[in-house]
Amino acid sequence: MSRIAIIGAGVAGLTTAYLLRGTPVEVVVFEKSRGYGGRAATRGRHGCRYDHGASSFSANSERVRRLVMAHLPTDQLVDVGKAEWTFGESGRVLRPAPAEEIRPKWTYHQGISRLGKLLVRFSRAEVHTSTRVERLQRRTDGWRVQDEDGTVYSAFDAVVLTPPAPQSAALLSASDLSGERVRRIRRAVEAVDYTSQFVYVFAFDRTFPRPGSFHSLASTSEAHPIAWLGYEHDKPGHVPDGKSIIVVHTSPSWTAKRLEQDPETFAPEVKTAAEDLLVTDLRYPSWYDVQRWRYSRPQSGLEAQVLDVGAALGLFFAGDYVQGTGRIEQAIESGFDAAQRLRETLSW
Ligand SMILES: Cc1cc2nc3c(=O)[nH]c(=O)nc-3n(C[C@H](O)[C@H](O)[C@H](O)COP(=O)(O)OP(=O)(O)OC[C@H]3O[C@@H](n4cnc5c(N)ncnc54)[C@H](O)[C@@H]3O)c2cc1C
């Protein structure tokens, strides 16, 4: 039986693992954090659930729709069902053309991280959480995976790397790998840059009058400190009645200038910018939360030929950057492609 190691339990890695169920392959997933889903992440606090990474996802392609709507349980799946409006540098809010306004925006009652949990539950993979992979080695009997405690897991016929490109490149650099093909792969992965974002979550024990019938506001200008703002309480199951949560994603250029500073320092500034956009008094939140996403979205994609070079060595790649777009749907697509490439290369 073949053995495959998948590094990273975000939606790309877990889609790959899920699609390998029912094949004669033993799949082992290694994830550095405690949970599943990566940037499709949810936290719980004071009886509320909130998505502090990706807010929702699309399922436009046939295979992604089938996975989410037909293969995985849909009992907790919800469409946010409200519109996204836009704003520019001046902060003036605009309503898009009706055809553009409402597109399905999927999440789950218990939060978007349920997608990762479902993929784990219905895959047959062995998943090691709190296990940061530090090194890969390629030996005659196959690949070895070494974690930060020095534990070595062996031997694998293939390794699938799914962390964001800068983290995948760092792992390749720290690994015991040589040769022109590996150098070529590393250069291509290193060439993919990511933006960074802070996410602020402001919770209130009150409701607000709404300045428009939108769920979220998306910026059309990099010059504004806010890239996106949404009402978390619009998502069924997330926030108890009578309470509100406003989630704010900062813009990549604003974040880049502040990335190494404590994001809490900027909470008042971000809250004021949100007040100006919503024309609403956001004083006295009952609590707030902050998340720094050093690698939020890729700015380009992976050179396609590198995937062939990697496959010949037993080294495979999945993740939003492989598709070139920082979206959950594209990360899922990359998992489909990686599973297909594994099947063709290892021919089981
Ligand atoms: C603030 C924000 C808002 C977003 N909004 C949306 C949105 O509304 N809609 C949308 O579609 N997309 C959105 N995205 C993008 C979306 O979240 C990502 O494109 C998608 O989740 C990427 O999935 P992935 O599996 O490729 O990567 P990840 O989710 O990053 O998964 C990679 C995994 O690898 C793990 N890992 C890294 N290094 C190691 C290591 N050495 N050892 C073991 N494990 C490791 C990480 O912990 C992580 O779990 C948003 C992202 C952010 C940050």
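None of the figures in this text is laboratory data; all of them are computed from the coordinates on show. All figures in this text were calculated on a predicted structure; none of them were measured in a lab. Cβ sites come from the backbone with ideal geometry, for glycine too, and all protein chains shown count toward neighbours.
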Taking K and R as +1 and D and E as -1, what net charge do the other residues with C-beta under 12 Å from the C-beta of Asp51 add up to?
+3
Order of 309-315, 139-145 by packing, highest average Cβ count within 10 Å first?
309-315, 139-145
Work out the length of the dipole vector of the range 259-337 about its Cα centre, built from +1 on the beta-carbon of each Lys and Arg and -1 on the beta-carbon of each Asp and Glu, and round it to the nearest 20 debye.
60 debye
Along the range 124-139, Karplus-curve 3J(HN,Hα) (6.51, -1.76, 1.60; θ = phi - 60°) to the nearest Hz, with x for Gly and Pro, reads 10, 6, 8, 10, 9, 8, 6, 10, 8, 7, 10, 8, 10, 10, 10, 10
Estimated translational D of the range 114-164 in µm²/s (Stokes, Kirkwood radius over Cα pairs; 4 °C; 1.567 mPa s):
104 µm²/s
Quick one: P(r) of the chain from all Cα-Cα pairs, 20 Å bins, percents rounded to integers, in order of increasing distance.
30, 55, 15, 0
Let me have the 222 nm mean residue ellipticity of the chain computed from DSSP H runs of 4+ only, each contributing -39500 (n - 2.57), with the sum over all residues rounded to the nearest 500.
-8000 deg cm²/dmol
To the nearest 10 degrees, the tilt of helix 267-278 (Cα long axis) against the first principal axis of the alpha carbons of the chain is 60 degrees
For the pairs Lys32/Lys243; Lys82/Lys271; Lys32/Lys257, note any where the Cα-Cα span goes beyond 29 Å.
Lys32/Lys243
Counted neighbours (other Cβ, 10 Å), sorted fewest up, put Ser173, Ser56, Ser221 in the order Ser173, Ser221, Ser56
Once amide H atoms are placed 1.01 Å from N in the peptide plane, what residues at a sequence separation of 5 or more from Ser296, or on another chain, have their amide H within under 5 Å of its amide H?
Thr195, Ser196, Gln197
Note: Thr140 to Trp287 extended length (0.36 nm per residue) minus current alpha-carbon separation gives 47.4 nm
Value of D in µm² per second that Stokes-Einstein yields for the range 255-348, Kirkwood Rh from Cα pairs, at 10 °C (1.306 mPa s):
95 µm²/s
Exposure proxy check on Glu303, Glu329: fewest-to-most Cβ neighbours within 10 Å is Glu303, Glu329
Whole-Hz ³J(HN,Hα) from phi, Karplus 6.51 cos²θ - 1.76 cosθ + 1.60, for the range 55-60, glycine and proline x
8, 7, 9, 9, 9, 7
One-quarter of the Cα convex hull surface for the range 191-303, in nm²?
8.3 nm²
For the range 1-102, alpha-carbon Rg relative to the globular expectation (2.2 N^0.38 Å, N residues)
1.43
